[in-house]
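Report on the structure given below.
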Amino acid sequence: PEIRSSLLSKSLREFQTWQESFFNRMDVDQVGSFGGRLVARLESLVGTGGTLEAQLATALDPAADGSALGALRQEMIGEIRELRDAVFAERGRRAEAEKGTQKGFLFEDAIEDRARAWAAGVGGCQVERTSTEGGSLGREALVGDLVVVLADGGRVVIEAKHTARITLTGPDGILCELDRALTNREADVAVCVSAQEAFPGEVGSFGLYGNRILVVDDGTGSMFDVALRIASLLMSTARPGDGETIDREAVLDQLDRIHKLAKRFSSSKRTLTEAQNSIDLAKEGLDSLRSELIELAEAAAHEVRSGRAD
């Protein structure tokens, strides 16, 4: 029993010594202890101004090269710039579209005025603006901008175009569009009047395709008047009144002559316009030369006067 007691006491003393040594080594307040070194290391890693803070600061610094946040920032800036450019481009397209639409509306207004003036001269006609109303093809079918109803009930549908290019055939060509306009407005003859020389070369400024007439506006309304007169003749030939006898061959011959004369008129007017433009340019050049000659003469006179004064 005494030996056991002595061994137990020795073991307890050794344990107590080890325990004290362990706690001393783990004491965070003792300089050089394991616990102190561990805390110091942790402080250097995760404490204020430590390695982790510095690395996080670098990684999260949007201005630092190579940082994750910097890369994200650059990517976001790039996408924002792309979005900005897309918005500006869309604004430009919308502005151009609105400008083109506005020009189209103004041209429709001008054609409506000319159609009413023609109708007033003929007498007994009605003119309807239909560009914002649906027709026989449905509520959303707006093809056919104007309808001129003649005294005998004949109907002429007018499509006004203000575009740089108009194709002739195919599903999107003007002839198919005029066919739809004829159906949509329940008309007998269709007229397409263009604000520009937009028809294909084989059409030129005036074209007759069955009951469809293509004409380029000449700025005075003359060619448009001719188109409406031809439309009236086409309807008169197609459905004569009771008791009327029409020499169709003679009428068709007259229509052919009118067609050819209209083309010649349009071509001659275009040539005259080009000549007038050349004359205007020459006049501008002469005015510029005259101004330059006057300036040189005045400068020379000034030099002479200065020499005499000396």
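Taken together, the values in this text are just the output of simple stated rules run on the coordinates, not laboratory data. Predicted model, so just to flag it, every value in this text is computed and none were measured. Note: ideal-geometry Cβ built from the backbone for every residue, glycine included; neighbour counts use all protein chains shown.
Using the Cβ-Cβ distance between Gln126 and Arg84 with R0 set to 45 Å, the FRET efficiency from 1/(1 + (r/R0)^6) comes to roughly 0.30. So what's the net charge close to Ile77: Lys and Arg +1, Asp and Glu -1, counting the other residues with Cβ under 14 Å from its Cβ? Overall, the nearby charge balance is -1. Please say if the range 156-231 is rounded, prolate or oblate, where rounded means a/c under 1.5 for a ≥ b ≥ c the square roots of the C-alpha gyration tensor eigenvalues, and otherwise the choice is prolate for a/b larger than b/c and oblate otherwise? Oblate, because a/c is 1.5 or more while a/b does not exceed b/c. All C-alpha to C-alpha distances of the range 97-247, sorted into 5 Å bins beginning at zero, yield P(r) values of 2, 10, 19, 23, 22, 14, 6, 2, 1, 0, 0 percent in whole numbers.
The ranking of Lys161, Lys283 from fewest to most other beta carbons within 10 Å of each one's beta carbon is Lys283, Lys161.
Listed from fewest to most Cβ neighbours within 10 Å, the set Trp18, Trp118 follows the order Trp18, Trp118. Exposure proxy shown here: for Leu228, Leu175, the number of other Cβ atoms within 10 Å sets the order, fewest to most, as Leu175, Leu228.
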